[in-house]
Amino acid sequence: MQRLDLKQLLSQKLSPQQIQFIKLLQIPTAELETRIKEEMEMNPALEEGSEEDKERTDDEEDGDNDDDFDADDSLDEDFEEGSSDEAYEGPEDNTGDDGGDLDLDDYLHSDEIAGYKMQGDGPGEEEDRDMPLAGTSTLIDSLLDQLGFLNLDEEQEAIGMQLIGSIDNDGYIRRELSSIANDLAFSQNIEATEPEIEAVLRKIQTFDPAGIGARDLRECLLLQLERHDQDEDFLKYLVMYALNNCKDDLQFLNDMYDKELLQRLNFVVTNSFERLEYTQAVEILKTAKQKFEYPVEWGTDLQSEHERYLVEKHFKKPVILTNYPKHIKAFYMKQNEDGKTVRAMDVLFPGIGEIIGGSQREENYEKLAARIKEMGIHEEELWWYLELRKFGTAPHAGFGLGFERLILFITGMGNIRDVIPFPRFPKSATF
């Protein structure tokens with residue numbers, strides 16, 4: 001076999017087609033006939049040719065391949081004769097006196113590479129490819145990482161780790177704080193009071209995802225409602241997208257229409273939003289040195305001039321107002337415990353005032369029905385809405401972005417009618 005390999009290397013350079021033909025010749029005759037019969041049974045369209053056609057075809061193939069396989073015939077003859085390896089005389093020029101090793105690089109060249117290239121073909125080294133490994137992180141791992149960023153003492157850190165370990169897979173803590181205190185006392189010899197555990201829990205409830213560490217659904221939704229960063233990130237993303245993808249248009253509007261447009265857009269992106277309650281905003285407006293067209297008192301609905309003063313002159317950043325008086329808001333908003341305000345919020349922008357409005361919805365059927373009656377609304381008109389509460393519902397909240405107001409702000413137009421994508425004129429509304 002070694003002699004045969006050497007003769008193939010030294011005497012003949014086989015093409016890929018010849019190699020494939022040799023592989024086909026290695027199939028036993030009986031197996032080949034069986035395959036042909038199976039193929040003909042499966043495909044009746046195939047017909048057996050006459051013996052003369054077969055002989056003529058075989059003669060033609062033999063004639064065509066005589067020139068190409070002369071060297072192969074000689075190899076086969078030598079192989080059939082069963083000559084011993086000792087009788088083989090290698091080329092005098094290519095082997096040393098001591099029968100040295102054969103250098104394959106002398107016979108393999110780049111021009112022998114097949115026209116097609118599979119992985120591993122060719123004389124070059126294969127490209128090293130690293131197998132990517134998927135990394136996974138559990139919710140507990142993420143919370144422990146966030147705990148490490150807090151400035152806690154050793155005892156508070158132990159309490160935090162115990163609280164995180166008590167969080168269920170759905171993100172809730174269903175164990176009583178007294179039970180967690182007992183665990184700390186028995187397992188870690190830490191005597192912590194419930195208020196101390198509550199204080200650490202409040203810090204954990206600021207972690208991501210929003211609502212983590214809540215003890216019931218109500219607390220979970222309240223934690224999410226208090227987390228107004230979603231609104232802030234949402235608006236900043238929209239403005240930043242316009243700055244990155246509409247540079248030429250915004251520069252044109254800034255040069256030809258509103259010289260402060262780009263400055264105003266960057267003002268929103270680069271500043272964090274100020275958060276305060278409606279009552280605090282009214283006190284600021286009442287003590288302002290600026291004279292307003294509409295006087296400000298607690299309980300009055302803020303006008304655009306009031307909102308723009310808070311954003312552009314007092315805080316000099318976007319503002320989020322919360323806890324509005326209930327009589328200036330919709331009937332479906334959740335009432336606070338004081339009985340005077342509701343859990344509503346507005347996001348105020350420079351130049352336009354309110355751009356987002358949102359609230360927590362009232363989920364209690366009795367309170368909602370009482371509020372509808374208090375506002376003088378006929379219950380028959382809202383029977384369908386009350387049906388959503390009659391059989392129970394989950395605490396929930398939501399907000400809405402004024403799309404035309406956003407386009408108004410980004411383009412710097414002076415009137416909202418200029419950015420509405422359909423014509424508006426009197427008596428044109430069908431519904």
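The values are calculated or read from the model by the stated rules, or taken from the named source; none is laboratory data. A quick note: this is a predicted structure, and the numbers were derived from the prediction, not measured. Neighbour counts run over all protein chains shown; Cβ positions are idealised from the backbone, glycine included. Only protein heavy atoms, including side chains, enter the accessible area calculation; ligands, DNA and RNA are left aside. Shrake-Rupley method; radii C 1.70, N 1.55, O 1.52, S 1.80 Å.
For the reader, a short list of remarks on this structure follows.
- Projected label distance in nm at Leu243 and Trp384, using a 7 Å step from Cα toward the beta-carbon: 4.3
- In Hz, Karplus ³J(HN,Hα) per residue of the range 255-268 (6.51, -1.76, 1.60; θ = phi - 60°; x = Gly, Pro): 6, 9, 10, 10, 5, 10, 4, 5, 4, 5, 5, 5, 4, 6
- Gain in span if fully extended, Asp418 to Gln17, counting 0.36 nm per residue against the direct Cα distance: 137.1 nm
- Label sites at Tyr257 and Ile284, each approximated as a point 7 angstrom past Cα along Cα to Cβ, lie 2.9 nm apart.
- Pairs from the table (Lys286/Lys317; Lys329/Lys390; Lys291/Lys334; Lys203/Lys329; Lys203/Lys286) lying more than 24 angstrom apart at Cα are Lys291/Lys334; Lys203/Lys329; Lys203/Lys286.
- In order along the range 175-186, phi translates into HN-Hα couplings of 7, 6, 5, 5, 5, 5, 5, 5, 4, 5, 5, 7 Hz, rounded to whole numbers, per the Karplus curve 6.51 cos²θ - 1.76 cosθ + 1.60 with θ = phi - 60° and x for Gly and Pro.
- Amide H contacts under 5 Å for Ala397, placed H, 5+ residues apart: Arg361
- The string of couplings for the range 359-369 from the Karplus curve (6.51, -1.76, 1.60, θ = phi - 60°) is 6, 8, 8, 6, 9, 8, 4, 4, 5, 5, 5 Hz, one whole number per residue in order, with x for Gly and Pro.
- In this simple spin-label approximation, Ala330 and Leu401 carry label points 7 Å from Cα along the Cα→Cβ vector, and these lie 1.8 nm apart.
- Using a probe radius of 1.4 angstrom, the carbon and sulfur fraction of the accessible surface of the range 158-261 is 50%.
- Normalised by the number of residues in the range 210-347, the average gap of Cα pairs under 8 Å and 6 or more apart makes the relative contact order 17 percent.
- Backbone amide hydrogens, once placed in the peptide plane, bring Glu277 within less than 5 Å of Thr322, excluding anything fewer than 5 places away on its chain.
- Its Cα centre serving as origin, the range 321-384 has a Cβ charge dipole (Lys and Arg +1, Asp and Glu -1) of approximately 180 debye.
- Of the chymotrypsin sites (Phe, Trp or Tyr not before Pro) found in the range 251-281, the ones in coil according to DSSP and having at most 12 other Cβ atoms within 10 Å of their Cβ are Tyr257.
- Nonlocal amide H pairs with Phe349, under 5 Å, H built at 1.01 Å: Glu354, Ile355
- Think of a 1.4 Å ball rolled over the protein heavy atoms: the range 248-402 then has 54 Å² of accessible area per residue.
- Mean Cα-pair separation over length for the range 150-290, i.e. relative contact order, pairs under 8 Å, 6 or more apart, %: 15
- Mean sequence separation of contacting Cα pairs (under 8 Å, at least six apart), scaled by the length of the range 271-414, corresponds to a relative contact order of 19 percent.
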